[in-house]
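Peer 1: Below you will find the structure I want to go over with you.
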Amino acid sequence: MTRKHKRASLAVPVRVSRRVPEGISTSQMACTLDVTAEGARLNGVYSIQAPGEVIAVERGKNKALFRVIWIGERGTAQAGQVGVQCIEPDKNIWDVNFVPEADEPYSALNATKLHVQGKGEKGRSKRLVCSGQVELSNGHHGAALVHGHVTEVSGDGCYVRASVALPPHSRVSMKLRLYHAEVHLKGVVRASDKGMGMWVEFHAIRQGDLEPLQRVLDQLAVKH
C-alpha cells in the first residue's frame, strides 16, 4: 500500500492574499491548523465563497500559491476553515521535513459495531441528517482528493454531496470531519448520483476512531 505524507499539527500565523473580481488585491491574517507537503488547513478565513479560487499564502519571507479545495460550512464548527492545496509543488513554506508515515492500523467495521437508535428502510441502519466535510481518495499515489459535504450518516455509511461523484464499486479511503470529531475510514461507493453525490459504505475504521464516531451518532440520534 502506498504511504502518505505525514500531516503535522502546526499553528502559525500566515498572510492570505486574494484577488477580488474588481481586480483589487486584498489580504488578511489567518492561522494554520495543520499542514502537509501538499497543502494545509487554515482558520479565520471567511471571505472566500467557493472552492477553486487561487490564493497566495505567506509565512514570513516564504510565499506560495494554493488552490482552495474545500470551505467549512457556515454555522458549523468548521466555519472559517479552508482546505488549500499547493500548486507550486517545489515550494515548502512551512519549514517542516515531511516524511512518509507508516500505514495506520484499521479494523473491520460493520453495522453491528456502530449503533443507531431505530431502523431505516429494509432493516438497514437508520440514516441521520448531519452536516460535515469529507475528503475521499482511491488510495493511489498522486490521485486527486474529492472534497464534499456529508449530509447523511448511519452505522453503515454516509452520503457525500460532491461535484465529482466516483463510480459505483470504487474503493476509497476517507477522512470524515463531523462536528468535533475527525475519523478515518475505508469503504466502497455503493451508489452514485452523477453531479450530485454518492453513498459510501463503511468497511474499516482507523483504530481509536470508533468511539468518537459512535459519540457523534448518539448526539445526532437525540436530535431526530
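Throughout, read-outs are computed from the coordinates displayed, never taken from laboratory work. Everything numeric here is computed off the predicted structure, so don't read it as measured data. A quick note on method: Cβ atoms are made from the backbone with ideal geometry, for glycine too, and the neighbour counts reach across all protein chains shown.
Peer 1: How big is the charge dipole of the range 106-223 about its Cα centre, in debye rounded to the nearest 20, if each Lys and Arg gets +1 on its Cβ and each Asp and Glu gets -1 on its Cβ?
Peer 2: Using only the charged Cβ atoms, the result is roughly 200 debye.
Peer 1: Return the ratio Rg/(2.2 N^0.38 Å) for the range 8-86, where Rg is computed over Cα atoms only.
Peer 2: Compared with the compact-globule rule of thumb, the range 8-86 sits at 1.01.
Peer 1: If you don't mind, there's one more thing I want to ask. Given an 8 Å cut-off on Cα distances and at least 6 residues of separation, report the relative contact order of the range 17-100 as a percent.
Peer 2: Averaging sequence separation for qualifying contacts and normalising by length gives 26 percent for the range 17-100.
Peer 1: Another one. What's the local net charge at GLY80, with K and R +1, D and E -1, over the other residues with C-beta under 13 Å away?
Peer 2: +1
Peer 1: Find the relative contact order for the range 106-223 and round it to a whole percent, using C-alpha pairs within less than 8 Å whose residues are 6+ positions apart.
Peer 2: Relative contact order comes out at 27 percent.
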